[in-house]
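What follows is one structure encoded as structure tokens, with my remarks underneath.
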Amino acid sequence: MKHALKPSQYAILIAIMLTASVGDSLLARGMAQVGPVDVHHLGLLWHALFNVYVDLGIVLLIGFFASYTTALSWADLTFVMPATAFGYVVIALLGRYWLHEQLSWSRWAGIGLIVCAVGFVAGGPSRTEHPELDRMDAGAGR
């Protein structure tokens with residue numbers, strides 16, 4: 001049986017993709033400002049907590065975690081991960097145009113392959129049928 005996604009579920013998948021991508025980019029920018037952290041300079045991690053980019057990145061990654069756990073409550077991991085793979089494109093674009101990183105053609109090709117492979121997964125159901133879970137859901141009145 002194939003399950004159709006509701007608009008709110010699509011919104012959760014988009015939130016996962018955007019909060020992870022933008023949150024990671026903000027952390028990268030903030031940590032570039034803080035500088036290299038190693039075992040001998042762990043105090044810089046405390047300093048990083050007062051960087052606005054690091055703080056915003058942490059907030060967005062908390063949002064990612066909330067969205068991600070929400071999606072996993074109604075979909076299998078093997079659906080959620082590929083469904084949010086377009087985030088790799090968002091990360092690449094943010095890295096290239098906001099963080100001014102250089103991306104080789106091989107990285108772009110790899111990102112393209114990942115996104116194309118999503119098509120194989122997207123045609124499947126969002127939740128693999130689990131008879132034992134269906135019985136538990138029925139018993140809970142869901």
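General remarks:
- Within the stretch 50-84, if we keep just the residues that are free of Cβ contacts under 8 Å to residues at least 60 places away in the same chain and not in a helix (DSSP H, G or I), the residue that is nearest to residue 21 (Cα to Cα) turns out to be 51.
- Residue pairs meeting the criteria (Cβ under 7 Å; at least 6 apart or on separate chains; first under 14 Å from residue 64 (Cα atoms), in the stretch 24-35; second of a type in the set (A, V, I, L, M, F, W, C) and surrounded by fewer than 18 Cβ atoms within 10 Å (Cβ to Cβ)): 25/98; 25/99; 26/56
- When residue 21 is tested against (1) surrounded by fewer than 12 Cβ atoms within 10 Å (Cβ to Cβ); (2) assigned to a helix (DSSP H, G or I); (3) of a type outside the set (Asp, Glu), exactly one condition is not met: (1).
- Residue pairs meeting the criteria (Cβ under 9 Å; at least 6 apart or on separate chains; first at positive phi, in the stretch 95-120; second assigned to a helix (DSSP H, G or I)): none
- Those residues of the stretch 24-80 which are charged (D, E, K, R), crowded, with 17+ Cβ neighbours inside 10 Å and within 30 Å of residue 8 (Cβ to Cβ), in sequence order: 24
- Failed criterion for residue 119 (all others in (1) closer than 23 Å to residue 14 by Cβ; (2) modelled with pLDDT of 85 or more; (3) not hydrophobic (A, V, I, L, M, F, W, C) hold): (2)
- Index of the failed condition, residue 126 passing every other in (1) part of a helix (DSSP H, G or I); (2) surrounded by 13 or more Cβ atoms within 10 Å (Cβ to Cβ); (3) at pLDDT below 85: (1)
- Candidates are the residues of the stretch 85-98 that are in a loop (DSSP other than H, G, I, E, B) and of a type outside the set (A, V, I, L, M); the one that is nearest to the chain's Cα centre (by Cα) is 86.
The values are calculated or read from the model by the stated rules, or taken from the named source; none is laboratory data. All figures in this text were calculated on a predicted structure; none of them were measured in a lab. Cβ atoms come from the backbone with ideal geometry, glycine included; neighbour counts cover every protein chain shown.
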